[in-house]
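Taking it in order: structure first as structure tokens, then the write-up.
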Amino acid sequence: MKNWLTIGQFSKEVSLSARTLRVYEDLGLIQAHTRGENKYRYYTSEQIELIERIKNFKSIGFSLEEIRSLLEIDISMDSEKLKSLLQKQLIKIESQQINIKSQKSQIEAIISSLNKNNQGLNAQDRRFIMTHFEKVSVIVAGVRDLEKTADFIRGHIRKSGKDIPVTIWDGSSQLPQKKPFILVISENLIQNTEVAKLAPDLVIIKELSQSSTKIHAAYVQLYGSVGPHMSTILNADDRAVVELAANETIRKGRTYYFSKNSGLKPQISKIGGVISDGEQIEIYGFNQNKGPLEIKLKKIMGIDEEMSLLASLAAVMDFGLNETTLREV
């Protein structure tokens with residue numbers, strides 16, 4: 001009991017009456033550290049700091065009920081910590097405003113084009129419309145870690161309050177009939193004629209087994225009935241994928257690259273895409289901003305998991321997501 005204070009001693013230390021301390025205790029703002037056999041309340045010197053924080057909140061206008069709510073959120077809350085949290089919230093809101101302003105400008109431009117009736121919408125405008133109304137179809141194809149990529153994409157979208165189902169196709173089950181969807185297809189199933197009927201809005205080519213005329217033709221058939229609003233996400237570190245990207249049909253649409261090769265940063269910063277050094281990710285072209293949008297990785301990832309994350313970030317470049325949702329990886 002050496003460091004314990006009676007309610008009388010404690011009240012003197014914090015310059016509050018014993019009655020006020022009992023009110024604080026009744027409200028749940030502070031609790032006596034213990035009760036002795038004599039039923040007396042005892043406090044510790046460490047609780048003085050809590051009382052000072054309560055008094056500080058009162059001095060700037062908070063009611064006792066409001067202070068209790070703040071302390072329930074974080075028992076260590078004080079005015080400085082509250083200020084820091086509000087600063088972070090302000091940054092988040094400002095980021096949202098920039099995003100909203102960009103979307104507003106694009107919508108106004110699209111409406112203007114529609115009003116003119118004498119010119120078609122460009123690929124970028126059509127892509128914006130498709131994503132704005134959430135009717136987007138995504139195909140994740142290649143030879144490995146496809147499901148992880150699809151899960152990352154779904155996770156990014158979920159953080160914005162939306163959801164897109166993921167279907168892993170085995171070649172015999174039914175393909176999705178309506179958008180939106182994220183479809184995972186392994187390379188050996190790409191040549192299936194049913195796949196060519198999907199007309200996806202976005203194709204991610206994660207990795208190829210090899211570069212061959214047959215494989216190239218299988219992927220190109222995905223683009224047969226799709227206009228140039230279609231986007232393709234390509235692994236810039238996979239030589240076979242880069243060779244496929246040179247195909248004339250694929251080049252008609254929008255292309256984003258993802259890579260861990262820092263030597264490709266100048267090209268990706270111009271073309272648009274995602275690049276990582278293992279600790280920080282830079283995204284160029286997110287929501288049509290030149291960027292870069294920088295994201296710190298919160299954990300060390302294996303190469304396959306990190307490439308899946310990079311592919312997923314490139315996939316949602318034009319989905320109108322808030323920057324803060326991506327920073328939570």
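Below, the figures for the structure above:
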item	result
Cα gyration tensor category, rounded, prolate or oblate, for region 4-77 with a/c compared to 1.5	prolate
Lysine pair number, Cα distance threshold 30 Å (strictly under), region 79-120, separation 8 or more or different chains	9
Charge tally in the Cβ shell below 9 Å around residue 175, where Lys, Arg are +1 and Asp, Glu are -1, residue 175 excluded	0
Sorted by Cβ neighbour density within 10 Å, fewest at the top, the residues 308, 59, 160	59, 160, 308
Loop GluC sites (Glu not before Pro), region 194-300 (other Cβ atoms within 10 Å of the site Cβ: 10 or fewer; DSSP)	279
Relative contact order, percent, region 4-77 [alpha-carbon distance under 8 Å, six or more residues apart]	31
In Hz, Karplus ³J(HN,Hα) per residue of region 203-216 (6.51, -1.76, 1.60; θ = phi - 60°; x = Gly, Pro)	10, 9, 9, 5, 5, 10, 6, 6, 9, 8, 4, 5, 5, 4
Where trypsin sites (Lys or Arg not before Pro) fall in DSSP loop in region 241-294, at most 12 other Cβ within 10 Å	290
Cut-off under 5 Å, modelled amide H: who pairs with residue 257 long-range	234, 273, 274
Percent of beta bridges antiparallel (DSSP, the chain, rounded to nearest 5)	35
Relative contact order of the chain, pairs being alpha-carbon contacts under 8 Å that are 6 or more residues apart, as %	14
Dipole magnitude of the chain, debye to nearest 20 (Cβ charges: Lys/Arg +1, Asp/Glu -1, about Cα centre)	720
Residue order, fewest to most beta carbons within 10 Å, for 5, 64, 114, 222	114, 64, 5, 222
Karplus (6.51, -1.76, 1.60) ³J(HN,Hα), θ = phi - 60°, over region 177-193, in Hz, Gly and Pro reported as x	9, 10, 7, x, 7, 10, 10, 9, 10, 6, 3, 5, 9, 4, 6, 4, 5
For the chain, alpha-carbon Rg over 2.2 N^0.38 Å	1.42
Neighbour-count ranking [beta-carbon atoms within 10 angstrom, fewest first] of 77, 230	77, 230
Alpha carbon Rg of region 79-120, scaled by the compact-globule rule 2.2 N^0.38 Å	1.98
Neighbour-limited loop hits for trypsin sites (Lys or Arg not before Pro), region 168-215 (at most 13 other Cβ within 10 Å; DSSP other than H, G, I, E, B)	178
Within-14-Å neighbourhood charge of residue 195 [Cβ basis; K, R +1; D, E -1]	-2
Amide H partners (placed H, <5 Å) of residue 137, local residues excluded	181, 201, 202
Nearest-0.05 FRET efficiency for residue 19 and residue 170, computed from C-beta distance (R0 51 Å)	0.10
Karplus (6.51, -1.76, 1.60) ³J(HN,Hα), θ = phi - 60°, over region 239-248, in Hz, Gly and Pro reported as x	4, 5, 5, 4, 5, 5, 4, 6, 4, 4
Per-selection metrics, region 253-329 (Cα): Rg and Dmax in Å	11.3, 34
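We did not get these values from a lab; they are worked out from the coordinates using the rules stated. Remember, it's a predicted structure, so these values are computed and weren't measured experimentally. Heads up, the Cβs are rebuilt from the backbone with ideal geometry, glycines too, and the neighbour counts pull from every protein chain shown.
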